[in-house]
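Undergrad: The structure follows.
The values are calculated or read from the model by the stated rules, or taken from the named source; none is laboratory data. Quick caveat: nothing in here was measured; it's all calculated off a predicted structure. Here the Cβ positions follow ideal geometry from the backbone for every residue, glycine too, while neighbour counts run over all protein chains shown. These accessible areas exclude ligands, DNA and RNA; they are computed on the full protein's heavy atoms, side chains included. Shrake-Rupley method; radii C 1.70, N 1.55, O 1.52, S 1.80 Å.
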Amino acid sequence: MWCRRLACLRRVPCRLSGRTRHRSPWLPRDGGTVLAAAPRWHHTAPESLKCAWQLHGDHLELRYANTLMRFDFVWLRDHCRSASCYNAKTNQRSLDTASVDLGIKPKAVRVDETTLFLTWPDGHVTRYGLEWLVKNSYEGQKQQVMHPRILWNAEIYRQAQVPSVDCRSFLETDEGLKEFLQNFLLYGIAFVENVTPTKEDTEILAERISLIRETIYGRMWYFTSDFSRGDTAYTKLALDRHTDTTYFQEPCGIQVFHCLKHEGTGGRTLLVDGFYAAEQVLRQAPEQFELLSKVPLKHEYVENVGDCHNHMIGVGPVLNVYPWNNELYLIRYNNYDRAVINTVPYDVVHRWYAAHRTLTTELRRPENELWVKLKPGKALFIDNWRVLHGREAFTGYRQLCGCYLTRDDVLNTARLLGLQA
């Protein structure tokens, strides 16, 4: 899947001899290395080639755990975890970064089997665990995935047989809440069954994992067909797949839907994993994936109903990625709300349309469409940064309630239960 297809880090096999080396006259007696010497590879012990390092004019090169890392000297001084530089209780830096000389160089360097030691010109000693360096280096981060996920189309999701969580278990036990959040983090959708079909009970459900985000639509909203609203969502017409609030500078993170009543036909909910579709684009046309991740677009929402006057504009690319590992974290896709494209020159526009068409084709493949009939008692949580939703046309009276949740609170709830989020 795309989130594991990270840029390959060049592996450099260690070819140092295992024979005992004689002490060089420029090595201090404690085994440290002075910077004045020409760059040279050193290893932790004659019998072990697990770790090797080399000093350069402005950085330290370290090879450990099959990872070749490069650390700027200012970075190594700035991230010191000693008691005078870092508060381990609050996880906050105490060192004033602006006080570090940008030309700083260590006076001596020593590495044993587990730890890097650096002595600075003022005598201060910095210690780093080698495992910590692998985890926190740029090269190590390129190999990491920030948010583990299972990408899916309709068949993959059905075969996974992801269970819904019972409302009582969700509200009253950590086990039920953890199971729900694990499903949500992996798939971007999760269901809670046996919810009393009222707005008040849906609100209690939502507050179990997050603060409810107040928006121009209110806190908790009722949703029925209301043709007085200037929004296609308030009709009985079919809605194509989309993400919500693309016109916010920060689109809402999680959306909650609960069907309270439907007296009629149709109205099934459509769900599509946007990250799965983006992965297909990355495999087939990486240059188009890159274009979709770099071209900024405006989305807008204009509402003039009674005394309510809103004109909201949000700007961002369709695909939002972490630049160090190309991992997708947000898709902003809503053809209804996309504003005039006036943020890129003409020679880029046509290539963007071609890339957008490729992504749209993937999003509209029937095999990628998961159709769900929402019913009273079954609440649906959607990751609005990942999963697109829509609906088929319906007849009769249909009433839904729901809300938006603050993303950070949902992720923090998951972390408190020991989940990676």
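Undergrad: Spot the failing condition for ASN136; the list is (1) closer than 21 Å to GLU179 by Cα; (2) open to solvent by 50 Å² or more (accessible area, probe 1.4 Å), and only one is missed.
TA: Status for ASN136: all satisfied but (1).
Undergrad: Restricting to the stretch 313-327, name every residue that is open to solvent by 50 Å² or more (accessible area, probe 1.4 Å), at negative phi and touching a residue at least 24 places away in the same chain (Cβ under 8 Å).
TA: ILE313, VAL315, TRP324
Undergrad: Restrict the check to the stretch 139-149 and report whether at least one residue is of a type in the set (A, V, I, L, M, F, W, C) and at pLDDT 95 or above.
TA: no
Undergrad: Open to solvent by less than 40 Å² (accessible area, probe 1.4 Å), on the phi > 0 side of the Ramachandran plot and assigned by the TED database to the domain that holds CYS167, is that true of GLY306?
TA: no
Undergrad: Find all pairs meeting these conditions: Cβ atoms under 8 angstrom apart; at least six residues apart or on different chains; first residue within the stretch 71-85 and under 12 Å from LEU116 (Cβ atoms); second residue open to solvent by 20 Å² or more (accessible area, probe 1.4 Å) and of a type in the set (A, V, I, L, M, F, W, C).
TA: CYS80/LEU95; ARG81/ALA88
Undergrad: Has the stretch 333-347 got any residue that is in a helix (DSSP H, G or I), at pLDDT 95 or above and over 30 Å from PHE170 (Cβ atoms)?
TA: The answer is no; no qualifying residue exists.
Undergrad: I need the full set of residues from the stretch 372-399 which are open to solvent by 10 Å² or more (accessible area, probe 1.4 Å) and part of a strand (DSSP E or B), in order please.
TA: Those that are open to solvent by 10 Å² or more (accessible area, probe 1.4 Å) and part of a strand (DSSP E or B): VAL372, ASP383, HIS389, ARG391, PHE394, TYR397, ARG398, GLN399.
Undergrad: Only one of SER164, SER94 is touching a strand residue (DSSP E or B) at 6+ places or on another chain (Cβ under 8 Å), modelled with pLDDT of 95 or more and over 30 Å from GLU327 (Cα atoms); which?
TA: SER94
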